[in-house]
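A short worksheet on the structure shown next.
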Amino acid sequence: MKKIINRRRYDTETAEKVGEYEYGTFTDDFHYYREFLYKKVTGEFFLCGWGGALSPWAESLPDGSAPGEGIRPLDVADAQDWVEAHADADVYERLFGEVPE
């Protein structure tokens, strides 16, 4: 998937996939979603994902919501939070450096 956001290009084909997360078991569940964290060669992070009508990826409609998909740029702090929540310590330290005990 490719998208231009704020005059910046985000492309899942050229970025490195560094993590993934899936919420829910069944893809037909309104709350189900799946997302991937990518790191661009420039060091920028972004999420690419999709999900049901009640997921964080839902598309707002005038009379409710629908399943949605897209790309969302992340600043470093948001990427760190995502990795802390959805990956292990090795991934975190590979991306952001060692953390003291």
Original post:
To the nearest 0.05, what FRET efficiency results for Glu101 and Gln80 with a Förster distance of 25 Å applied to their C-beta separation?
Top reply: 0.90
Subject >> Candidates Val76, Val41, Val91: whichever shows maximal mean-square fluctuation once the chain is modelled as a Gaussian network with Cα springs under 10 Å >> reply: Val41
Original post:
Which of Val76, Gly24, Val99 sits farthest toward the positive end of the charge dipole of the chain, with +1 on the Cβ of Lys and Arg and -1 on the Cβ of Asp and Glu?
Top reply: Val76
Subject >> Ratio of the Cα radius of gyration of the chain to 2.2 N^0.38 Å, where N counts its residues >> reply: 1.15
Original post:
Measuring from label point to label point, each 7 Å out along Cα→Cβ, what is the Asp63 to Arg8 span in nm?
Top reply: 3.8
Original post:
What does the charge count near Arg9 come to, summing +1 for each Lys or Arg and -1 for each Asp or Glu among other residues with Cβ under 12 Å from its Cβ?
Top reply: +2
**OP:** Give the relative contact order (percent, whole number) for region 2-95; include only Cα pairs under 8 Å separated by 6+ residues.
**Re:** 21
Original post:
Once you list every other residue whose beta carbon is under 15 Å from the beta carbon of Leu47, what net charge do they have if Lys and Arg are +1 and Asp and Glu are -1?
Top reply: -3
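No lab work stands behind these numbers, since they all come straight from the coordinates. Computed from a predicted structure; not experimentally measured. When we count neighbours, we look across all protein chains shown, and the Cβ atoms used for this are built from the backbone with ideal geometry, even at glycine.
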